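Only one structure is covered here, and it is reproduced in the block below.
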Amino acid sequence: MPMAANDIKSMILDAFPDADVEIIDLAGDGDHYKAIVKSASFAGMTRVKQHQAVYASLKGKMGGELHALALETSLKS
């Protein structure tokens with residue numbers, strides 16, 4: 001069963017309460033998303049570490065309920 005965009009957003013916001021999060025359904029199938037996440041919490045993190053932190057916020061859902069997630073992360077100013 002696909003994961004709802006609102007559930008993805010909620011999980012990311014739980015980990016990064018200050019974040020601006022936009023979830024885009026890339027294929028219209030509820031399985032392929034893009035997340036744009038801007039957070040002050042990313043200060044001092046490399047892009048790889050930012051992505052790892054976002055994936056960690058999804059608590060193992062990647063590859064199961066959530067098939068594909070493209071990430072765009074940046075420091076919130």
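Please verify whether region 20-28 includes one or more residues that are loosely packed, with under 13 Cβ neighbours inside 10 Å and without any contact (Cβ under 8 Å) to a residue 12 or more places away in the chain. So far as region 20-28 goes, yes, one or more of its residues are loosely packed, with under 13 Cβ neighbours inside 10 Å and without any contact (Cβ under 8 Å) to a residue 12 or more places away in the chain. Restricting Asp29, Asp7, Asp14 to those that are over 16 Å from Ser77 (Cβ atoms) and more than 12 Å from the chain's Cα centre (by Cα) reduces the list to Asp29. Only one of the listed residues (Pro2, Pro17) is out of contact with any helix residue (DSSP H, G or I) (no Cβ under 8 Å at 6 or more places or on another chain) and free of Cβ contacts under 8 Å to residues at least 60 places away in the same chain. That residue is Pro17. Of all the residues in region 26-77, those that are under 16 Å from Met11 (Cβ atoms) and part of a helix (DSSP H, G or I) number 9.
Computed from the coordinates by the stated procedures, all read-outs in this text should not be read as laboratory data. Predicted model only: the values in this text are computed from it and were never measured. Cβ: placed from backbone, ideal geometry, glycine included. Neighbour counts: every protein chain shown.
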